[in-house]
Structures are given as C-alpha cells and as structure tokens.
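Everything on this sheet refers to the single structure shown next.
The values are calculated or read from the model by the stated rules, or taken from the named source; none is laboratory data. Not measured: the values here are computed from a predicted model. Cβ sites come from the backbone with ideal geometry, for glycine too, and all protein chains shown count toward neighbours. Areas reflect the complete protein model, heavy atoms only, side chains present, ligands, DNA and RNA absent. Shrake-Rupley method; radii C 1.70, N 1.55, O 1.52, S 1.80 Å.
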Amino acid sequence: MSASLSVVAVGARTPVGYTAESSAAAIRAGISRYAEYPFADAQGEPVVIASDGLLDPKLEGRERVLQLLESALGEVEAKLGAEVLSLCQLSVLLACPEFRPGFSEDDEGWLLNAVDARYRARRSGARVVLAGRGHAGALRAVEQAQRECAEGKDHLFLVAGADSYHHTETFLWLERARRFAQPGIRSGFTPGEGAACLALMSAGLRRRLRLPGLAVVRGARTAQERQLRDSNTGSLGVGMTEAVEGAVTGLKLPQEGVDDLYTDINGERYRSEEWGFVVLRTPSVWKFTGYSAPCSCWGDVGAASGALGCILAVRAFARGYARGPRALVVAGSDGGLRGAMLLQEPRES
C-alpha cells in the first residue's frame, strides 16, 4: 500500500479536555480525571471512573456516546471550514464500541443512523460507514482510508471513534468479570469515555486545498489475535506483532526505528503481557521501549483509543516534545482485532 495520507485536522472530547489541544496538554501534564461516580459496587462503596465533566451522570449508553462523538466531529468541521467541506467528497469512517451489556447491535445501528442523518441534513453524497469496533476500530478505519486512497478515491476521510462505559449494565458486567478496578481486583481497569476524529486526505488534495499537514500516515495495519483473554495461555502477541510489522513496512530498520509509542494498556495483565511479547518479537522496530499509556489519566476509552493515540502523537509533533519524527499508535479490541499506525512528522516526510 504505497499511498500516504496527510492528517489535516483533529478533534477530541475526553474526561481531561473538551478539544484535541486541551486533551493532549492535560495528558502531557499528567492530569487525571479519576473521581467517585454515583454508582455503588457490590459492597455499597462508590466506584472510581473517569467521566466527562459536562455530561449529566444520568445520561447513559448510546445517547452519551453520540454527544461525545458529535463534539469531536464538530471540532474538526470547524477547523476545516465550510468551504473545504463543500469542495471534498466526504467519507465518514466510524469506530463503535464492541457489543456488550449496555451497548447492543441495535445501539450501533442507532448511532450510525444518527451520524448519517447529521451529514444527510447538510449535504448530499456523504458516506457514513462502520469501519471497526473496539479499541483498534479507528486504526482499521485508517487502514481502510489508506487502501481507498491507493485505489484512487481522493476523498476527505473523517475517521472517528467514540465510546463510554458509563451504563449501569456495563458496570455490572465489568464487576462480574472482575475487570472493574476496585479493591480486591488485581487486574482491572478504570472505565473512561471519550471521542476523537481525524481528518485525512491525500497529499495531493491537501496541497490543492492549501491545508497544513499535521502528520503523515506512513502505514496502518490490522490483524486478528486468536488467543483472547479467556484462552488458557493468554496472548503471545502474534496478532499485534503482525500489525506492528505491517505498519512499519518501508522503514529502514533499525536506523529509522520508532521514537514514540502510544498504547491502550490499561492495567489489565492480559494487555501488558501481550505487549511484552510484541516487544520481544520486534526488537529492531524500537529506539525506546518505553510507552505512553494515557488510560492512567482518562481511563479506558474503548473505541476512541486508536484515534486519541493518534491525536497525542500529532500534538507532540506540533508542540515540539516528540522524541523524534516517528510515532506508532497501537490498540487491541477485546474481540481480537489488533491495530498499529505509523505517523511521521510532516517536515521529515
């Protein structure tokens, strides 16, 4: 896949910020939004989660996800401007939450229809499709955008992911599975929520529209992991290794190794052990084996993970605190989808 994509705008809504810039700055500063939430665990104690400070705690499920998503989409639309939007063929590639108690197949259809109605009311010809589910869903969407661009579709691609665990049924499901970070649970995570949107287009279209390039997508690849969290062995990192190696195809390793790494590691042992195997399998890829795990600040953000990781890399390039010109974003969905995306600083591309 030879076609590269330019990132031309980003938008985000997270527990630590209501825009891409404020969210990235908060993560850079180590600001955490963990706080008690009006929901009691099995012992009657309040739970700790990361939540959006402007949303009503009574708002749950798909309605909550939609509000987060519309905020991120609106931010990107405002940055691009009406003229750019009117000149481009638009494809909206969505990453939705995986199916679970509190988010069903019907909820996914409702969410897709709501986003489709948003663009149908404003313009004709916009395409809204489901590209992936879960943490790696947005990385699959970027892979799809890059493939379509290589096939000659010179579109403006809005890659968006949104998720929220804030639903009574979801909390109870996490408790039963011993995945909710609470006293006595050694390998749980803190539920979070958020949304992110990336505006991508070919380098040629970007130049014609005279838009700034924030980053270049050098590669994006997804793969399927067969050893899921309920397997007897745990994951040995086979699927994620395939995704990482696919994303960095074209680099001259180890000279052009990855400088910065953004992951969705969230405190669960399964994810941490899997990543250890990936690093052992791909030693030439890394200049540094350290990684950024923003879940410690905004909680586990599910289907928003991949796109939010990309925004952190883009903002590190813009603000000059990236270790070097190349950043890798990785994420893994509960259902086995694994994804990796290589970004390069625009002046180095």
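What number goes with the only condition from (1) surrounded by 23 or more Cβ atoms within 10 Å (Cβ to Cβ); (2) of a type outside the set (D, E, K, R); (3) at pLDDT 95 or above that Ser235 does not pass? For Ser235, the failing item is (3).
Scanning the range 156-186 for residues that are part of a loop (DSSP other than H, G, I, E, B), open to solvent by less than 40 Å² (accessible area, probe 1.4 Å) and in contact with a helix residue (DSSP H, G or I) (Cβ under 8 Å, 6 or more places away or on another chain) yields Tyr165, His166, His167, Gln182.
When restricted to residues that are more than 14 Å from Val159 (Cα to Cα) and crowded, with 22+ Cβ neighbours inside 10 Å, the range 89-101 contains 1. Comparison of Lys287, Lys252 shows that the only residue that is among the basic types (Lys, Arg) and in contact with a strand residue (DSSP E or B) (Cβ under 7 Å, 6 or more places away or on another chain) is Lys287.
Consider the range 102-124 and keep the residues that are of a type in the set (Phe, Trp, Tyr) and in a helix (DSSP H, G or I). The one that is most open to solvent (accessible area, probe 1.4 Å) is Trp110. Being over 30 Å from Ala223 (Cβ atoms), touching a residue at least 12 places away in the same chain (Cβ under 8 Å) and of a type in the set (Ser, Thr, Tyr): is that true of Ser86 here? Yes: the conditions hold for Ser86.
Results for (1) open to solvent by less than 20 Å² (accessible area, probe 1.4 Å); (2) touching a Gly at 6+ places or on another chain (Cβ under 9 Å); (3) under 23 Å from Asp334 (Cα atoms), shown as yes or no for each residue.
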{"residue": "Ala25", "(1), (2), (3)": "no, yes, no"}
{"residue": "Arg28", "(1), (2), (3)": "no, no, no"}
{"residue": "Ile31", "(1), (2), (3)": "no, yes, no"}
{"residue": "Glu60", "(1), (2), (3)": "no, yes, yes"}
{"residue": "Arg64", "(1), (2), (3)": "yes, no, yes"}
{"residue": "Leu68", "(1), (2), (3)": "yes, yes, yes"}
{"residue": "Lys79", "(1), (2), (3)": "no, yes, no"}
{"residue": "Leu87", "(1), (2), (3)": "no, no, no"}
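Gly309 fulfils the conditions (1) buried (at least 18 other Cβ atoms within 10 Å of the Cβ); (2) at pLDDT below 95; (3) closer than 26 Å to Ala199 by Cβ; (4) among the small types (Gly, Ala, Ser) except for a single criterion, (2).
In the range 207-222, what count of residues is obtained for those that are farther than 30 Å from Leu87 by Cβ and open to solvent by less than 40 Å² (accessible area, probe 1.4 Å)? Here the count works out to 1.
Candidates are the residues of the range 135-154 that are in contact with a helix residue (DSSP H, G or I) (Cβ under 7 Å, 6 or more places away or on another chain) and either part of a helix (DSSP H, G or I) or open to solvent by 10 Å² or more (accessible area, probe 1.4 Å) (or both); the one that is farthest from Gly267 (Cα to Cα) is Asp154.
Against the test of being β-branched (Val, Ile, Thr) and surrounded by fewer than 17 Cβ atoms within 10 Å (Cβ to Cβ), the options Thr241, Thr263, Thr249 yield a single qualifying residue, Thr249.
Residue check: Ala331 meets all listed conditions (1) aliphatic (A, V, I, L, M); (2) under 17 Å from the mean Cα position of the chain (by Cα); (3) in a helix (DSSP H, G or I) but one, namely (3). Taken as a whole, the condition of being open to solvent by 10 Å² or more (accessible area, probe 1.4 Å) and part of a helix (DSSP H, G or I) does not apply to Tyr321. All conditions but one from (1) touching a Lys or Arg at 6+ places or on another chain (Cβ under 8 Å); (2) of a type outside the set (Gly, Ala, Ser); (3) open to solvent by 70 Å² or more (accessible area, probe 1.4 Å) apply to Glu225; the one that does not is (3).
So Asp163 passes all but one of these: (1) more than 27 Å from Tyr18 (Cβ to Cβ); (2) among the acidic types (Asp, Glu); (3) within 18 Å of the chain's Cα centre (by Cα). Which condition number does it fail? Condition not satisfied by Asp163: (1). Residues that are more than 12 Å from Ala162 (Cβ to Cβ) and under 18 Å from the mean Cα position of the chain (by Cα) do occur in the range 41-50. All conditions but one from (1) open to solvent by less than 40 Å² (accessible area, probe 1.4 Å); (2) of a type in the set (D, E, K, R); (3) not in a loop (DSSP other than H, G, I, E, B) apply to Asp52; the one that does not is (3).
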